[in-house]
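The values are calculated or read from the model by the stated rules, or taken from the named source; none is laboratory data. Source: prediction; values computed, not measured. As a convention, Cβ positions derive from the backbone with ideal geometry for all residues, glycine included, and neighbour counts pool all protein chains shown. Heads up: the accessible areas ignore ligands, DNA and RNA and are worked out on the full protein's heavy atoms, side chains in. Shrake-Rupley method; radii C 1.70, N 1.55, O 1.52, S 1.80 Å.
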Amino acid sequence: MSRIGKLPIKVPQGVTVNVENNTLTVKGPKGILTQEIKGGIEVNVEDDKIVLLRPNEGRTERAMHGLYRSLVSNMVFGVSEGYKIEMELVGVGYRAEATGQLLELSIGYSHNIYFELPEEVKVTAKAEKRANPFVTLESCDKQLIGQVAAKIRSLRKPEPYKGKGIKFVGEVLRRKAGKSASSV
């Protein structure tokens, strides 16, 4: 039996779960998420718990069992608590400005980069004097917020010598030593 798949998912107060035609819908204070369940995985909602069951012990069924359990668990957490990712812009003259769903980044190129975010993701930019600018992303969808954060980071990845670029808060960068001066 799958160690992850067999664990029940506790549904917190204020979250409703509905299953119709292999489509799971989770509603909560932060939003609504849907997921199509394939591979014969059966979803049972009892009182305040969600249990996923698989029809047999086939290789794909075992893989899908743990996968869908993790996806449903992330959905329940997302609509109740929400996900938050903080990013730091490290570099001289790097700026970030958020207006609605548009994020304007000045990250060392000859032009500013305008990044339009999906409706499900909320963005805020914070810049204080003598400190690096921060960009904060919030959403109920873990997959979407991770994809958006990875796309923003890919615009200017942190380089290993000075650490300049866009990095996640708390991310540990592997630093390299620069050129050493030769003695003649």
If we keep only residues of region 5-41 that are exposed (fewer than 13 other Cβ atoms within 10 Å of the Cβ) and within 19 Å of R62 (Cα to Cα), then the residue modelled with the highest pLDDT is E36
Please work out which residue is farthest from E171 (Cα to Cα), limiting yourself to region 69-81 and to residues that are open to solvent by 20 Å² or more (accessible area, probe 1.4 Å) and either outside any helix (DSSP H, G or I) or in contact with a strand residue (DSSP E or B) (Cβ under 9 Å, 6 or more places away or on another chain) (or both). R69
Filter region 82-100 for residues that are small (G, A, S) and open to solvent by less than 50 Å² (accessible area, probe 1.4 Å) and give the result. G82, G91, A96, A98
Looking at S183 and the list (1) in a loop (DSSP other than H, G, I, E, B); (2) at pLDDT 90 or above; (3) over 30 Å from Q35 (Cα atoms), which single condition is not satisfied? (2)
All-but-one check, T60 against (1) farther than 22 Å from D141 by Cα; (2) outside any helix (DSSP H, G or I), failing number (2)
Test for G163: is it touching a residue at least 60 places away in the same chain (Cβ under 8 Å) and surrounded by fewer than 17 Cβ atoms within 10 Å (Cβ to Cβ): yes
Considering only region 37-51, I want to know if a residue exists there that is within 23 Å of the chain's Cα centre (by Cα), small (G, A, S) and farther than 24 Å from E120 by Cα. no
Give all pairs with beta carbons closer than 6 Å in which a residue from region 109-121 that is without any contact (Cβ under 8 Å) to a residue 24 or more places away in the chain meets a residue that is outside any loop (DSSP other than H, G, I, E, B) and of a type in the set (D, E); count only pairs at least 6 apart in sequence or on separate chains. N112/E104; Y114/E104
Limited to region 104-126, what total is found for residues that are in a strand (DSSP E or B) and within 20 Å of G31 (Cβ to Cβ)? 4
